[in-house]
1. Condition first: hydrophobic (A, V, I, L, M, F, W, C), open to solvent by less than 40 Å² (accessible area, probe 1.4 Å) and within 30 Å of Lys19 (Cα to Cα). Now tell me which residues in the stretch 89-141 satisfy that.
2. Looking at the stretch 142-169, which of its residues are open to solvent by 50 Å² or more (accessible area, probe 1.4 Å) and within 22 Å of Leu72 (Cβ to Cβ)?
3. Exactly one of (1) modelled with pLDDT of 90 or more; (2) at positive phi is unmet by Gly179. Its number?
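The values are calculated or read from the model by the stated rules, or taken from the named source; none is laboratory data. Note that the structure is a prediction, hence the values are computed from the model and not measured. With ideal geometry, Cβ positions are generated from the backbone for all residues, glycine too; neighbour counts draw on all protein chains shown. Accessible surface areas use protein heavy atoms only, side chains included; no ligands, DNA or RNA. Shrake-Rupley method; radii C 1.70, N 1.55, O 1.52, S 1.80 Å.
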Amino acid sequence: MVSKVEAKEQIKLLIERSKEGIAKLGLNFYKEEQTCNALILPLFEILGWSHKNALDEIESQSKTGRKRIDYLVRLNGNPIFVLEAKGLDQIIKNNHDYYKQTIHYGDNKSVTWGILTNFKEFIVINCEVVRENIILNEVKSINLFEDFDEEKFEFLWTFSKESFQNPVKLDELNKKFLGVKKREKIGKRLLSDL
């Protein structure tokens, strides 16, 4: 695993590489699969998560009901957040359908956090709370292409493997939802339907 300082520099290089790729190949080149392979998975590798070994901390195409989550991130075998990836060519900010999809996947896996990203936009969504307008489940979003600074890096670092091993920063994110009704866990809902 790289140090935090090295991670910041590697993320800056990945952002620059993506901008160069867009300039050469056009935005339409970066459909979902290309965006995942060239940008999103490398970003999460920099943040300390593995998808290339037996640990499979990033499980691709995890099944939930009839649909498949793009990625389920695990720590010590336990699901901790879902990662819903879209192509760089997609507009994801305030997209009701994409937020709903991310919340649905997170709810089905009984995790608090869902990350919706097309690499350029990095949107963290709380999958536990019930809101009439699901856009309000957004915790925070950042645009990596606009002034990647220390604040944006620190927010990304909140979702590093190192941060999940000592989740103090995650507690800060949860404060936004104090007093908001949480949805009942999927297992309990299924049992009550029997």
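1. Filtering the stretch 89-141 down to residues hydrophobic (A, V, I, L, M, F, W, C) leaves 91-92, 103, 111, 113, 115-116, 119, 122-125, 127, 129-130, 134-136, 139.
Filter once more, so that each one left must be open to solvent by less than 40 Å² (accessible area, probe 1.4 Å): 92, 103, 111, 113, 115-116, 119, 122-125, 127, 129, 134-135, 139.
Within the stretch 89-141, Ile92, Ile103, Trp113, Ile115, Leu116, Phe119, Phe122, Ile123, Val124, Ile125, Ile135, Val139 meet the criteria.
2. Glu162, Gln165, Asn166, Pro167, Lys169
3. It fails just one condition, (1).
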